[in-house]
Amino acid sequence: MTTQSTTAQPYLVVEDLKVRFTTEDGVVRAVDGVSFELPRGRTLGIVGESGSGKSVTSMAVMGLHARGKRTEIAGKILVNGKNIVTMTDEETRKMRGNDMAMVFQDPLSALHPFYTIGRQITTAYKVHHPRASKEDARKRAIEMLDRVGIPEPHRRVDQYPHEFSGGMRQRAMIAMALVNNPALLIADEPTTALDVTVQAQILDLLTDLQKEFNSAIIMITHDLGVISQIADEVLVMYAGRVAEHGSIEQVMRSAQHPYAWGLLESIPSLHGDPEEDLKPIKGNPPSLINVPSGCAFHPRCPYRMMNPGPCDLEVPQLLAISQPGHSVACHLPEDRRVAIYTNEVSEVGVAQ
Ligand SMILES: Nc1ncnc2c1ncn2[C@@H]1O[C@H](COP(=O)(O)OP(=O)(O)O)[C@@H](O)[C@H]1O
Ligand code: SF4
Ligand SMILES: [Mg+2]
């Protein structure tokens, strides 16, 4: 997890990414100016409530958005120095597999019902190993099924997706995504549907992959507990923007954005006392068609400054704070945020 990159430029550079969809109801600003970098050997966790733009961001990195009048993508996404935003579909297809790969939340979206699991994994393998023999590809598929913890992989390799349970399908999809040892892996809520033991096994597998191939990993989840086990750094997304970005220690122990405080207060695993009432964040995530003015979090923020105040008027910029590597998009002065966190948020046990 902590291996440093040896290349001058990080493997992934995302710069002012904007993704907009034109729908009958209006323009959805799904991603609105997201920037981050990720070198090989590091894991970035992306957290945020449902609808905050996490999946749209990862699909953009993979070059998977259907291009056309209804979908507008702006900004830069450099994968290994090549800009995904300006590439053709054919060019991004060539990069998927070993330059970058993705594990989706729903395995049925990645597995074809008509082909055996083995055939789908060998097909993915042969795209990047065209000279591999049939036997070698099959051997590799069995090895991958074994590595993701599928019992009797020699038999299972010839089964169809519908013969696998939900958890097994999820693992088969992970096997398929990892078959070409991708340099960048995006895992979009990969363990949400799995039980705790399998979840731990998959997280171990991702950590092994990283050690072996020095991969960059993006782990998307709404579960900060998962992030704390695997990530080196965390990006907190709200309404298509970055609210906070820092190392895992900075975000878990001294978060500075009121929305991040809300996320931390709603994690059961971080509370010492299981009887203690968790505090879900009040209100709902905003529509990304009518994003609230100024700070998009202001209608739900207990610390907003309004009448007069900047919170409902100006979009807060993501700015570096005094701790290197930690940045926050909030109008509150840093000393005020530290005081609130220390006196109010840490009282519920988050900062222990
Ligand atoms: N193809 C699309 N057309 C229109 N709106 C979309 C499309 N894909 C995603 N959205 C909208 O973009 C927003 C962000 O979605 P998403 O990235 O999937 O959120 P999440 O953080 O839960 O992964 C949501 O409001 C979603 O409804
Ligand atoms: S900018 Fe204002 S509304 Fe937004 S999180 Fe900070 S205090 Fe709350
Ligand atoms: Mg999603």
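Couple of notes before you dig in:
- Unique residue being more than 16 Å from ligand 1 (Cβ to nearest atom), in a strand (DSSP E or B) and of a type outside the set (Ser, Thr, Tyr) when the list is Lys94, Lys76: Lys76
Residues checked against (1) within 16 Å of ligand 2 (Cβ to nearest atom); (2) closer than 23 Å to Phe297 by Cβ; (3) not hydroxyl-bearing (Ser, Thr, Tyr):
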| site | (1), (2), (3) |
| --- | --- |
| Val196 | no, no, yes |
| Asp223 | no, yes, yes |
| Ala243 | yes, yes, yes |
| Gln256 | yes, yes, yes |
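- Residue in segment 231-238 that is away from ligand 3 (no atom under 16 Å from the Cβ), open to solvent by 10 Å² or more (accessible area, probe 1.4 Å) and under 14 Å from the mean Cα position of the chain (by Cα) present: yes
- Whenever a residue of segment 59-78 is on the phi > 0 side of the Ramachandran plot, its partners that are surrounded by fewer than 18 Cβ atoms within 10 Å (Cβ to Cβ), lying with C-beta atoms within less than 6 angstrom and at least six residues away or across chains, give the pairs Gly75/Glu15; Gly75/Asp16; Gly75/Lys18.
- Looking across segment 31-64, the residues that are more than 14 Å from ligand 3 (Cβ to nearest atom) and open to solvent by 20 Å² or more (accessible area, probe 1.4 Å) come down to Asp32, Gly33, Ser35, Glu37, Pro39, Arg40, Arg42.
- Check on Glu212, under 16 Å from Ala110 (Cα atoms) and acidic (Asp, Glu): no
- Qualifying residues in segment 300-323 (those that are of a type in the set (Gly, Ala, Ser) and under 20 Å from Tyr341 (Cα atoms)) - the one surrounded by the fewest Cβ atoms within 10 Å (Cβ to Cβ): Ser322
- Looking only at residues of segment 90-131 that are in contact with a Pro (Cβ under 8 Å, 6 or more places away or on another chain) and β-branched (Val, Ile, Thr), we find that the one that is farthest from ligand 3 (Cβ to nearest atom) is Ile117.
So that you can scan it fast, the table gives a plain yes or no per residue for (1) farther than 15 Å from Glu49 by Cβ; (2) at pLDDT 95 or above; (3) within 16 Å of ligand 2 (Cβ to nearest atom); (4) not in a loop (DSSP other than H, G, I, E, B):
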| site | (1), (2), (3), (4) |
| --- | --- |
| Leu264 | no, no, yes, yes |
| Ser269 | yes, no, no, yes |
| Asp273 | yes, no, no, no |
| Glu276 | yes, no, no, no |
| Lys282 | no, no, yes, no |
| Pro285 | no, no, yes, no |
| Leu288 | no, yes, no, no |
| Ala296 | no, yes, yes, no |
| Arg304 | yes, no, yes, no |
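- Here Tyr125 passes the criteria (1) touching a residue at least 24 places away in the same chain (Cβ under 8 Å); (2) of a type in the set (Ser, Thr, Tyr); (3) closer than 20 Å to Thr221 by Cβ except the one numbered (3).
- Every pair of residues 6+ apart whose Cβ atoms lie under 7 Å, when the first sits in segment 189-202 and is within 17 Å of Asp106 (Cβ to Cβ) while the second is more than 16 Å from ligand 2 (Cβ to nearest atom) and open to solvent by 90 Å² or more (accessible area, probe 1.4 Å): Glu189/Gln105; Thr192/Gln105
The values are calculated or read from the model by the stated rules, or taken from the named source; none is laboratory data. Note that the coordinates shown come from a computational prediction; the quantities given were computed from them, not determined experimentally. Neighbour counts are summed over all protein chains in view; Cβ atoms, including those assigned to glycine, are modelled from backbone coordinates with ideal geometry. Surface accessibility is based on the protein's heavy atoms, side chains included, excluding ligands, DNA and RNA. Shrake-Rupley method; radii C 1.70, N 1.55, O 1.52, S 1.80 Å.
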